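J.: Let me begin by handing over the structure; questions about it come next.
All of the numbers you see were taken from the coordinates with simple rules; none came from a lab. Quick caveat, the model's predicted, so the values are computed rather than measured. Every residue, glycine as well, gets a Cβ built from its backbone with ideal geometry; the counts of neighbours run over all protein chains shown.
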Amino acid sequence: MKFLIINGPNLNMLGIREPAVYGAQTYEYLVEKVRAHCQNMGVQTEFYQSNHEGDLVDRIQSAYFDGTSGIIINPGAYTHTSVALLDAVKAVGIPTAEVHISDVGQREDFRQISYIRAACICTITGRGLDGYCAAADALYEYIKSKGEKAL
Ligand code: DQA
């Protein structure tokens, strides 16, 4: 099984960016944490971060061709604006989990909309970086329940 973990705009600034909201750990720390968690489940990982909407669409599309079994995505601010990311996830048909580090449900009105949510098997918010590991667990169980073998 192989998971693609996609992070959108400003998530490369973890550790610097609003630590009271997003914590003190860096993007590199996040990558190592999620990689180790998935390795324990026997799941391979690939990570992608971009600040550009079209690049995120391109990466989701290429997942269709590279054997990705599941996608974990934190689309950052594009969560609240991007129909293109929703359409990309629908286009590839790969099980996808939505993650937010902060509890978006308790924040500003403009963060209450998530376009991508309609195409996701689950949404995890407000659990900090642990949310990515919880998303990996949920994705793993979902894929197994659909009958794909854990390679
Ligand atoms: C975020 C929440 C978004 O509203 C925000 O724009 C982000 C990060 C989160 O992880 O909590 O960039 O997706």
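J.: Taking region 73-151, how much of its Cα-Cα pair set, in percent, is spaced more than 21 angstrom apart?
T.: 29
J.: Identify which of ASP87, ASP66, ASP55 has the largest mean-square fluctuation in a Gaussian network model of the chain, with springs joining Cα atoms closer than 10 Å.
T.: Comparing ASP87, ASP66, ASP55 in the GNM, the peak value goes to ASP66.
J.: Magnitude of the Cβ-charge dipole of the chain, K/R +1 and D/E -1, about the Cα centre, nearest 20 debye? Show your work: numbers first, answer last.
T.: On the way: 13 positive and 17 negative charges, 66 e Å.
Once rounded to the nearest 20, the dipole reads 320 debye.
J.: Additional query: Would you work out which of GLY15, VAL34, TYR78 lies farthest towards the positive end of the dipole of region 2-145? Charges go on Cβ: Lys and Arg +1, Asp and Glu -1.
T.: Farthest towards the positive end: VAL34.
J.: How large is the helix-only mean residue ellipticity at 222 nm for the chain, computed as the sum of -39500 (n - 2.57) over DSSP H runs with n ≥ 4, divided by its residue count, in deg cm²/dmol to the nearest 500?
T.: Computed mean residue ellipticity for the chain: -11000 deg cm²/dmol.
J.: Right, next: When N is the residue count of the chain, what does its C-alpha Rg come to as a fraction of 2.2 N^0.38 Å?
T.: Here the answer is 0.96, to two decimals.
J.: Then there is this: Expressed as a rounded percentage, what relative contact order does the chain have, with Cα pairs under 8 Å and six or more residues apart? Intermediate values should be presented prior to the final figure.
T.: Values: 270 pairs, mean separation 39.3, N = 151.
In percent, rounded to a whole number, it is 26.
J.: Another question, if that's okay. Sort the following peptides by mean Cβ neighbour count (other Cβ atoms within 10 Å, averaged over residues), highest first: 68-76, 34-42, 102-110.
T.: 68-76, 34-42, 102-110
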